[in-house]
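Asks: Got a structure for you, questions after.
Every number here is computed from the coordinates shown, using simple stated rules; none is lab data. All figures in this text were calculated on a predicted structure; none of them were measured in a lab. Positions of Cβ are generated from backbone atoms using ideal geometry, with glycine treated the same way; all protein chains shown enter the neighbour counts.
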Amino acid sequence: MSVTAHGVAMAYVLTTFFIMGFGYFVAVTALNRPLPGVPWAWAGFVSSIVGVVMVLITVGSGQASVLFTFYPPLTASPWFYIGLVLVVGGSWIWCILMLSAMTAWKSENPGRPVPLAMFATVSNAVMWLWTTAGVAVELVYQVIPAAFGWTQTIDVGLARTLFSWTLHAIVYFWLIPAYIAFYTMVPRAAGGRLYSDTMGRLTFILFLVYSLPVGMHHLMMDPEHGNGTKFIQVLLTAFVSVPTLLTIFTITASLEIAGRLRGGKGLFGWIGTLPWERPMVLATGLAFVMLGFGGFGGLINMGYGMNAMVHNTAWVTAHFHLIFGGSVVIMYFAIAYEIWPRLTGREHASLAPLRLQLWLWFFGMMVMTLPWHWLGLQGQWRRVANFNYADPIIAGWGPLVILSFGGGLVLLLSALLFIRNLAVLHRSVIPAVGHPLYALAVHPPQRVPAALNGFGLWNVLVLVLMLLAYGYPIAQFVITPSPSAIVHRVQ
Amino acid sequence: MAEVSEPHVLDQPWRVWATIAVMGIVLLGVLLGVLIIPIVQGQSAGIDAYTAICRALGIQAGSPARPQVVNRNPPTPVSQVVWTSDVLQILAEAKPGRGHAKVQEVCVSCHGEQGVSVSPEFPHLAGQSGAAIYKQLNDYRTGSRTHQLMTDIAKALDDQAIADVAAYYAGQSKRNPNPATLGPPPDFVTRLVELGDPNRNIPPCAACHRVGSGGPVETPILAEQREEYIVAQLKMYASGERRNDVYGRMRLIAAKLTDAEIDGLAKYYRAGFK
């Protein structure tokens, strides 16, 4: 029950609400015009809140211990899934509002490039519409009817395939706000300029195109798909690393500009002169370190042979905690610290507790996930609650698990400090200064090709890629239905 | 100059090159993943190119890199019951009324009209899971489980009658253990039920036998069962005399239990729990 609650809260609730809120903020501040359809935005918010309450009740009463990835043929109370559908439904309203805000701005500003922060936010909204289609079909056609008792069996292969459609792009949905901060806020916070606006646009487009037709790399050990299909998706997965590599390059270059403007000299001298006392800059540095470790781990997961070694081990859970809980969430903190003063009109009295909180998060996450990775390499399997550490074969795991747990306690402390920091801000009497938020590019774009200013072309390409990558793998379940599994109702 | 600033002229190369790049990568993937690699792998595994490509696409089963294993000794299933959607449908549509008539005709003398057995050696069936009763009767019928009385009785029943009887007994009053009459069970019994014994690779009983715990469909409800019946079954599993448990789950577990544990567990379940 607690693992289900943790997964649902962190993966669906925290992210969806944060991303919606951040998107609305960006739409208003980057486009400098009011948000269209504010009542709809509230309707989406209410829908999501109602959904969360339903999920809380079902999980809390033990009716939905199926983890956040569902694992059919396990089925929970139908209201658990319907609650999640309401959360996603609320986010679809957000997607449409993001699209209409950008469209309205473009018609008012013909020929001008959409500000990068908004362009990236819309790329995320478009990707979210694409990616949630998989899980929505799984829930509506397979899981919810089974949960209500209308069907007695579930085709697990199809369910896993549909979930894999969602499963990889969803992590980029969570990640993109961090990247938006990297491109549009960090260079300004560091006192420099964005090295390349075009690079940013390309990055977000590549995320849209290559985060979707790659989900099957989560199914590499599954028997229901051919090796060739898996190979194609693994190759496409390799291209998902491109936008991250572009980002590391561009943001490092932007920070170098800032460091040199502040008097940094020599090959590495600019690093020391960066304003590390600012939470946004500090968080970026810490996020990059975690992204470095986590990114290399991800490359291991991506390879078919190496994945076979770590599949279903603690390595995988450690990996996504490091990347998402580490690199991404630390940027969520930094974004919150950056935009809350603008929302409340109050300034942080002192940045020291903010920095402490970020350091604690970094420290806790590293201490928690590095031993966890190591346990996975030694074969500790995931989704198992109890291990018998008295068994001499695995006795050596015990100390590492305790160390990892200690990291988790530091994370808890940091999370509490985060809430405290925002609470203190609410009582602050210092008025917000109102610095400009978004960074200028070294060469601010005057005009960009339509391909870099909208998503029409890319949607067509995504459609073609998805048909190629998922067409037959999904159609095969209709052409030759496989034996279905009996629904297992978790009460 | 005017020509260049026309948006569609500027945008044309972007559209063309983006499409070429994205499609080129996919084609490379198709070429490698569906044609070249399977054909080369197939050659070294003695698989013809066409089969290798079909396997890579997932149209045929198996890997292009390995000959498909042909099992020359197909395993003998311990039970003929398969939980297909047809079987589940039969269970769902069973008529307790018809089952009642059959019970009065056949079962009543040992298992009682309400499913309360007349003698310690016969199990109570009241409130038992319908799927469990269905599986056991079918196993008697097909010879997967044997009993001097039950084998012949079950052979005289057809699938529909079995489902009806199962539905009838399953619909009898729910088991309602009365913990007030119980002393607390010994610690080692509670541990076995809740945690199992990892040192002996014994999973917790409750992992399957607690209602809603997620065990196999055919898992019987043990609460309020006859103590003597549970002891007898565990001992038969331990000796291998009874062998209709899929994957030998119960044989593996029962063989590791001591007599004292079997006794304690039987007492625990006789009393029931909620």
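Asks: When we measure straight from the Cα of B:Lys267, which lysines land under 27 angstrom away, once same-chain ones fewer than 8 places off are left out?
Replies: Straight-line reach from B:Lys267, under 27 Å: B:Lys135, B:Lys174, B:Lys235, B:Lys256.
Asks: A further question on this structure: Once phi is turned into θ = phi - 60°, what whole-Hz ³J(HN,Hα) does the Karplus curve with 6.51, -1.76 and 1.60 give for every residue of the range A:111-128, x standing for Gly and Pro?
Replies: x, 8, x, 4, x, 4, 4, 6, 4, 5, 4, 5, 4, 5, 5, 5, 4, 5
Asks: Sticking with this one: Give me D for the range B:137-246 in µm² s⁻¹, whole number, from Stokes-Einstein with Rh from the Kirkwood sum over alpha-carbon pairs, 37 °C and 0.692 mPa s.
Replies: On the way: Rh = 16.4 Å.
Estimated via Stokes-Einstein, D reaches 201 µm²/s.
Asks: What's the FRET efficiency of A:Trp150 with A:Phe296 using the Cβ-Cβ distance as r and R₀ = 45 Å, to the nearest 0.05?
Replies: 0.45
Asks: Would you mind checking which residues have amide H under 5 Å from A:Ala485's amide H? H placed 1.01 Å from N; only 5 or more apart, or other chain.
Replies: Placed amide hydrogens put A:Ile154, A:Asp155, A:Val156 under 5 Å from A:Ala485.
Asks: Now a separate question. In chain B, which longest range has no GluC sites (Glu not before Pro) that are both DSSP loop (not H, G, I, E or B) and surrounded by at most 16 other Cβ atoms within 10 Å?
Replies: B:122-240
Asks: Moving to a separate point now. What residues qualify as long-range amide H neighbours of A:Leu74, i.e. H under 5 Å apart, gap of 5 or more or another chain, H built at 1.01 Å from N?
Replies: When sequence neighbours closer than 5 places are left aside, the close amide H contacts are A:His488.
Asks: Multiplying the sequence separation of B:Thr51 and B:Gln12 by 0.36 nm and subtracting their Cα-Cα distance, what value in nm do you get?
Replies: 9.8 nm
Asks: Determine the dipole magnitude for the range B:1-139: charges of +1 sit on the beta-carbon of Lys and Arg, -1 on that of Asp and Glu, nothing else is charged, the reference point is the Cα centre, and the result goes in debye to the nearest 20.
Replies: The calculated dipole for the range B:1-139 is roughly 420 debye.
Asks: Okay, next question. What does the range B:85-170 give for Rg and for Dmax, in Å, if only its C-alpha atoms count?
Replies: Cα-based Rg and Dmax for the range B:85-170 come out at 11.7, 36 Å.
Asks: Across peptide B:52-59, what mean number of C-beta atoms from other chains lies inside 10 Å of a residue's C-beta?
Replies: For peptide B:52-59, the averaged partner shielding equals 5.
Asks: Rounded to the nearest 500, what is the 222 nm mean residue ellipticity of the protein assembly as shown from helices alone, with -39500 (n - 2.57) per DSSP H run of 4+ residues and division by all residues? Present the calculation step by step, with values, prior to reporting the outcome.
Replies: Working: 33 runs with 467 residues, N = 765.
Counting only the DSSP helices, I get -19500 deg cm²/dmol.
Asks: Among the DSSP beta bridges whose two residues both lie in the protein assembly as shown, what percent are antiparallel, rounded to the nearest 5?
Replies: So the antiparallel bridges in the protein assembly as shown amount to around 60 percent.
Asks: Taking the Cα atoms only, what angle lies between the long axis of helix A:397-427 and the longest principal axis of chain A, rounded to 10 degrees?
Replies: On a 0 to 90 degree scale, this one is about 50.
Asks: Between rounded, prolate and oblate, where does the range A:371-491 land on the alpha carbon gyration tensor, with a ≥ b ≥ c its root eigenvalues, rounded for a/c under 1.5, else prolate if a/b exceeds b/c?
Replies: oblate
Asks: Can you figure out the FRET efficiency of B:Gln43 with A:Ser241, using R₀ = 25 Å and their beta-carbon distance, to the nearest 0.05?
Replies: After rounding, the FRET efficiency stands at 0.20.
Asks: Taking chain B as the reference, fit the longest principal axis to its C-alpha atoms, fit the long axis of helix B:259-271 to the helix C-alpha atoms, and give the angle between the two in degrees, 0 to 90, nearest 10.
Replies: Value to nearest ten degrees: 80.
Asks: Search the structure for amide H atoms under 5 Å from the amide H of A:Ala441, placed 1.01 Å from N in the peptide plane, and list their residues when 5 or more places away or on another chain.
Replies: Result for A:Ala441 returns A:Leu194.
Asks: Based on the alpha-carbon set only, what is the convex hull volume of the range A:254-303 divided per residue, in Å³?
Replies: Cα convex hull per residue, to the nearest whole number: 87 Å³.
Asks: Still on this structure, I have one more. Rank-order A:48-55, A:350-357 by packing density, defined as the average count of other C-beta atoms within 10 Å over each peptide's residues, highest first. Walk me through the numbers on the way to the answer.
Replies: On the way: A:48-55: 20.4, A:350-357: 16.4.
Ranking the peptides A:48-55, A:350-357 by packing returns A:48-55, A:350-357.
Asks: Remind me, relative contact order of chain A in percent, using alpha carbon pairs under 8 angstrom and six or more residues apart?
Replies: Relative contact order here is 20 percent.
Asks: Over the Cα atoms of the range A:135-293, how large are the radius of gyration and the largest Cα-Cα distance (Dmax), in Å?
Replies: 20.9, 70
Asks: Please determine, in degrees from 0 to 90 and to the nearest 10, the orientation of helix A:197-210 with respect to the longest principal axis defined by the Cα atoms of chain A, where the helix direction is its Cα long axis.
Replies: Result, in degrees: 10.
Asks: Nearest 0.05, what FRET efficiency do A:Lys106 and B:Leu32 give at R0 = 35 Å with Cβ-Cβ as r?
Replies: Result of the calculation: an efficiency of 0.30.
Asks: List A:Val242, B:Val189 from most exposed to least, where exposure is judged by having the fewest other Cβ atoms within 10 Å.
Replies: On the way: A:Val242 14, B:Val189 20.
Going from sparsest to densest Cβ surroundings: A:Val242, B:Val189.
Asks: Please report, for the Cα atoms of the range A:31-144, the Rg to one decimal and the Dmax as a whole number; what are they, in angstrom?
Replies: 17.2, 55
Asks: Under 10 Å, Cα contacts only: if you run a Gaussian network model on chain B, which one of B:Pro220, B:Pro75, B:Pro123 comes out with the highest mean-square fluctuation?
Replies: With Cα springs under 10 Å in chain B, the top fluctuation among B:Pro220, B:Pro75, B:Pro123 is at B:Pro75.
Asks: Please compute the Kirkwood hydrodynamic radius over chain B, one decimal place, Å, based on all pairs of different Cα atoms.
Replies: Working: mean 1/r = 0.0430 Å⁻¹.
By the Kirkwood definition, the hydrodynamic radius is 23.3 Å.
Asks: Moving on to the next point. Binning every alpha carbon pair distance of the protein assembly as shown at 10 Å from zero, what are the percents per bin?
Replies: Distribution as computed: 2, 11, 19, 22, 18, 13, 8, 4, 1, 0, 0 percent.
Asks: Moving on to the next point. Could you work out how far apart the two model spin labels at A:Met306 and B:Met23 are, taking each label as a point 7 Å from the Cα in the direction of the beta carbon, and quote it in nm?
Replies: Calculated label separation equals 3.3 nm.
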